[in-house]
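To keep things clear, I will list the structure first and then write my remarks on it.
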Amino acid sequence: MFITIITDCQDPNATGRQITRATALFQLPANLVGISSDIEAAGNIIDMLDASDGQPGIIMANIAPRHKDAKRWPNGTPFGYFWYKNTLIVSTVDGLTLSLVKKLKLTDAVQVFDIPTVADACKDLLTLYPEQSEYLKHTQFRSFEFMPRVAKWVWDKRNVPAEKTAIETFPDAGNKVWWIDSFGAAEYGGNCKTTIFPEEVGFAVGKTYTIQGIGEITGYAKLKDVPDKTPALIVGSSGYNEHRFLEIVVQGENAAKKFNLNLGDDIVIS
């Protein structure tokens with residue numbers, strides 16, 4: 001069994017606390033992937049499902065800003081959960097976090113929690129001190145106090161109240177950059193993983209594409225085939241099963257810096 005935490009709470013203190021909490025609850029080692037945006041969370045959920053190779057486990061994903069559009073929530077975006085085969089995914093539900101789950105049709109619905117309702121209903125499962133359920137309703141560190149606990153309760157088949165929400169109501173990913181890697185030596189990093197599958201653009205090796213803001217670019221099967229200093233569109237390693245995301249690369253150079261690409265940028269291919 002595996003446990004992977006995907007979160008924007010990633011400084012050393014927050015990392016240590018979250019891993020310790022998950023490890024203590026499940027009595028298993030836990031891994032943590034640090035992110036900064038909902039589109040990064042979306043791609044990493046898919047990659048961790050792929051990395052787990054179908055084994056039982058838990059993925060917990062948290063990206064919950066409290067500023068700008070997120071002000072509409074009383075205390076940040078709600079959390080929800082769904083099962084995909086042997087894996088339990090517990091995640092914040094706002095923005096694009098579950099957009100690639102939607103794209104790959106991994107579930108038709110998400111069970112969404114209301115934290116105060118869950119805190120009251122599961123009060124007997126909180127045994128540290130009498131006021132703990134009230135504290136849980138208002139904590140600012142929900143990925144530490146709420147997310148791993150509710151994951152444990154759902155995993156243990158406890159009766160946790162939640163509202164079924166159709167995945168079709170969640171936003172689409174669009175065609176974007178979801179990760180900028182550091183593959184190999186530092187100067188060779190900057191390969192840009194996109195949310196685009198090869199079949200969506202009629203990808204073929206040797207075919208020339210025009211990418212808005214970049215210009216003409218040729219398709220190659222994999223990075224090793226790309227000539228030095230040459231920009232290319234390749235089929236990357238990220239994705240799930242037969243669905244692998246396209247990447248924009250420059251052999252021996254940093255594609256993100258060369259083309260001024262950033263996380264979340266729209267990619268228009270013709």
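The values are calculated or read from the model by the stated rules, or taken from the named source; none is laboratory data. Being a predicted model, the structure only gives us computed values, none of them experimental. FYI the Cβ positions are ideal-geometry reconstructions off the backbone, even for glycines, and counts take in every protein chain you see.
Given the criteria under 30 Å from K224 (Cα atoms) and not assigned by TED's automatic domain parsing to the domain that holds E253, does L126 qualify? The answer is no for L126.
Scanning region 10-28 for residues that are surrounded by fewer than 20 Cβ atoms within 10 Å (Cβ to Cβ) and touching a strand residue (DSSP E or B) at 6+ places or on another chain (Cβ under 7 Å), which turns out nearest to F245 (Cα to Cα)? For region 10-28, the residue satisfying everything is Q10.
Restricting attention to region 131-148, the residues that are surrounded by fewer than 20 Cβ atoms within 10 Å (Cβ to Cβ) and out of contact with any helix residue (DSSP H, G or I) (no Cβ under 7 Å at 6 or more places or on another chain) total 7.
Which residues, counting only those in region 26-52, are touching a helix residue (DSSP H, G or I) at 6+ places or on another chain (Cβ under 7 Å), closer than 17 Å to A14 by Cβ and not hydrophobic (A, V, I, L, M, F, W, C)? Walk me through how you get there before you give the answer.
First, pick out the residues of region 26-52 that are touching a helix residue (DSSP H, G or I) at 6+ places or on another chain (Cβ under 7 Å): 26, 29-30, 32-33, 35, 42-43, 45-46.
After this cut, where a residue has to be closer than 17 Å to A14 by Cβ as well, the list is 30, 32-33, 35.
Within region 26-52, no residue meets the criteria.
Yes/no matrix, rows are residues, columns are (1) buried (at least 19 other Cβ atoms within 10 Å of the Cβ); (2) assigned to a loop (DSSP other than H, G, I, E, B); (3) touching a residue at least 24 places away in the same chain (Cβ under 8 Å):
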position	(1), (2), (3)
I196	yes, yes, yes
G202	no, yes, no
G239	yes, no, yes
R244	no, no, yes
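Considering T208, T194, the condition of being modelled with pLDDT of 95 or more, under 29 Å from L98 (Cα atoms) and of a type in the set (V, I, T) is satisfied by T194 alone.
With the structure loaded, tell me whether A64 is at pLDDT below 95, surrounded by fewer than 17 Cβ atoms within 10 Å (Cβ to Cβ) and touching a Gly at 6+ places or on another chain (Cβ under 9 Å) or whether it fails that test. For A64, the condition - at pLDDT below 95, surrounded by fewer than 17 Cβ atoms within 10 Å (Cβ to Cβ) and touching a Gly at 6+ places or on another chain (Cβ under 9 Å) - is not met.
Among residues of region 14-32 that are in contact (Cβ under 8 Å) with a residue 40 or more places away in the chain and part of a helix (DSSP H, G or I), those with a Cβ under 9 angstrom from a residue that is among the β-branched types (V, I, T) and surrounded by 14 or more Cβ atoms within 10 Å (Cβ to Cβ), sequence gap 6+ or separate chain, pair up as A14/T7; Q18/I5; Q18/T7; A22/I3; A22/I5; A22/I58; F26/I3; F26/I58.
Residue by residue, here is whether (1) of a type in the set (D, E); (2) surrounded by 17 or more Cβ atoms within 10 Å (Cβ to Cβ); (3) assigned to a helix (DSSP H, G or I) holds:
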residue	(1), (2), (3)
I89	no, yes, no
L96	no, yes, no
L100	no, yes, yes
T107	no, yes, no
T117	no, no, yes
D120	yes, no, yes
D124	yes, no, yes
T127	no, no, no
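Assess whether D181 counts as being in the same structural domain as V101 (by TED's automatic domain parsing) and either surrounded by 12 or more Cβ atoms within 10 Å (Cβ to Cβ) or more than 25 Å from the chain's Cα centre (by Cα) (or both). When the stated conditions are applied, D181 does not pass them.
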